[in-house]
Amino acid sequence: MWTYLNGDFVKKEEVKISPFDRGFLFGDGVYEVIPSYGRNFFLYDDHLERLKRSLSAINIDPLDNLDNLKTLLEELYERNEFDNQSMYIQVTRGVDVERSHKSSSKLKPTLFISSSELNINPYRLNPEKKGLIVGLDTDIRWKRCDIKAITLLPNIIPYHDNYSSDLDETLLHDNNLINEGTSSNVFFVFGDQIVTPPKNQNILQGVTRNYLLSRLSGKGFSVLEKKVSIEDLNKVDEVWMTSSTKEIQPVHNIEDLFLSKRTHQESLWHKALKVVESDLEVYS
Ligand code: PDD
């Protein structure tokens with residue numbers, strides 16, 4: 001497998017970054033994940049825009065080579081050969097001369113890109129496959145989850161707790177409200193009403209989330225951004241998790257709340273998946 005680091009394509013086994021990189025020292029950086037179906041980077045412009053927003057929010061100057069990011073991704077895609085790939089773009093403030101909270105003058109940001117095989121959403125091949133097993137935990141993250149920061153400790157802790165290692169995802173709640181998963185956004189269905197938490201809650205505005213909001217309402221589904229409390233879970237008919245790598249996947253249970261009332265043929269999840277699938281076909 002190949003990676004890209006600051007101007008060069010380097011084999012995965014050989015790539016090296018200084019421990020004085022502020023990404024390593026302080027988690028001082030942001031990232032982006034773009035799915036590639038064939039040679040097509042799905043919703044590329046939305047991902048690039050979010051990357052620029054994340055960089056600007058932490059005062060890293062937009063990199064000169066962001067404008068030719070697509071060319072770099074294309075070359076990496078070709079080198080890594082898998083038909084479908086997740087492209088991971090990571091930008092840190094750069095390598096400093098010493099460890100200091102305040103960085104020394106202007107640093108040259110580090111740009112690192114890697115890719116891995118994107119396993120196509122297994123629910124497309126088998127819609128009857130058992131849904132995701134999801135936990136529920138307090139959201140202890142910082143207050144700027146709109147920035148796609150590389151500092152992800154609170155997002156990974158749930159997977160390293162011995163008792164929850166079989167979880168596929170964990171829903172994070174704050175003030176009795178559900179925000180999102182550790183690496184995906186969440187949609188709830190109450191009757192025919194599809195609901196996702198509003199962007200002014202502390203969430204990452206998922207590219208997949210935003211695309212689904214506009215795409216599904218354009219198709220006549222009833223979709224809205226609305227707060228969902230923990231108590232509301234007792235009335236929910238379906239829960240879906242969405243991200244660039246998951247696409248859209250159904251939830252089987254949230255802790256001891258089981259969501260098996262609807263078959264996949266009856267579910268809005270499956271109808272929504274068909275919309276996504278038709279877009280991906282047009283795309284690839
Ligand atoms: N995660 N919320 C969080 C906290 C996320 O980390 C992600 C994506 C999403 C969904 O965003 P999008 O639809 O733009 O992928 C929501 C990626 C896939 C990751 O960290 O690997």
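The values are calculated or read from the model by the stated rules, or taken from the named source; none is laboratory data. Keep in mind the model is a prediction, meaning the values are calculated, not measured. Protein only, heavy atoms only, side chains kept; ligands, DNA and RNA dropped before computing areas. Shrake-Rupley method; radii C 1.70, N 1.55, O 1.52, S 1.80 Å.
Just to check I understand the Karplus step: with θ = phi - 60° and J = 6.51 cos²θ - 1.76 cosθ + 1.60, what whole-Hz values come out for segment 204-218, glycine and proline as x?
Once θ is set to phi - 60°, the couplings for segment 204-218 become 7, 6, x, 5, 5, 4, 5, 4, 5, 4, 6, 5, 6, 5, x Hz.
If you look at just the Cα atoms of segment 2-118, how large are its Rg and its Dmax in Å?
My reading of the Cα-based Rg and Dmax gives 14.3, 43 Å.
Defining a contact as two alpha carbons under 8 Å apart and six or more residues distant in sequence, what relative contact order in percent does the chain show?
Here the relative contact order equals 19 percent.
Considering amide H positions built from the backbone, and no H for Pro or chain starts, which residues 5 or more places from LYS246, or on another chain, come under 5 Å of its amide H?
Hits under the 5 Å cutoff: none.
So which of LYS246/LYS274; LYS129/LYS199; LYS11/LYS70 end up more than 24 Å apart, counting from Cα to Cα?
Where the Cα-Cα span goes over 24 Å, the pairs concerned are LYS129/LYS199.
Can you tell me which of SER54, SER217, SER36 moves the most in a GNM of the chain? Springs connect C-alpha atoms under 10 Å apart.
Among SER54, SER217, SER36, the largest GNM mean-square fluctuation belongs to SER217.
Given H placed 1.01 Å from N in the peptide plane, which residues other than close sequence neighbours of ASN179 have an amide H under 5 Å from its amide H?
LEU172, HIS173, ASP174
Using a cut-off of 17 Å between alpha-carbon atoms, which aspartates and glutamates can reach LYS130, once sequence neighbours fewer than 8 places away in the same chain are excluded?
The qualifying aspartates and glutamates are ASP166, ASP168, GLU169, ASP237, GLU238, GLU247, GLU255, ASP256, GLU266.
In the Gaussian network model of the chain, springs joining C-alpha atoms below 10 Å, which of ASP21, ASP161, ASP174 carries the largest mean-square fluctuation?
ASP161
Considering only DSSP beta bridges with both partners in the chain, what is the antiparallel share in %, to the nearest 5?
Beta bridges within the chain, antiparallel portion: roughly 80 percent.
Per the Cauchy relation, a quarter of the hull surface: what is the mean projected area of the convex hull of the alpha carbons in segment 124-280, in nm²?
8.9
Can you pull the percent of the chain's accessible area that's carbon plus sulfur, 1.4 Å probe, other chains left in place?
On the chain, the fraction of accessible area on carbon and sulfur atoms equals 49 percent.
Express the accessible area of the chain per residue in Å², computed with a 1.4 Å probe while the remaining protein chains stay in the model.
51
Dividing the Cα radius of gyration by the Kirkwood radius, what Rg/Rh value follows for the chain?
Answer for the chain: 0.97.
So how far, in whole Å, is the C-alpha centre of segment 211-284 from the one of segment 1-26?
Segment 211-284 and segment 1-26 have Cα centres spaced 37 Å from each other.
How big is segment 128-176 along each principal axis, measuring the range of its Cα positions in Å and listing the largest first?
36, 23, 22
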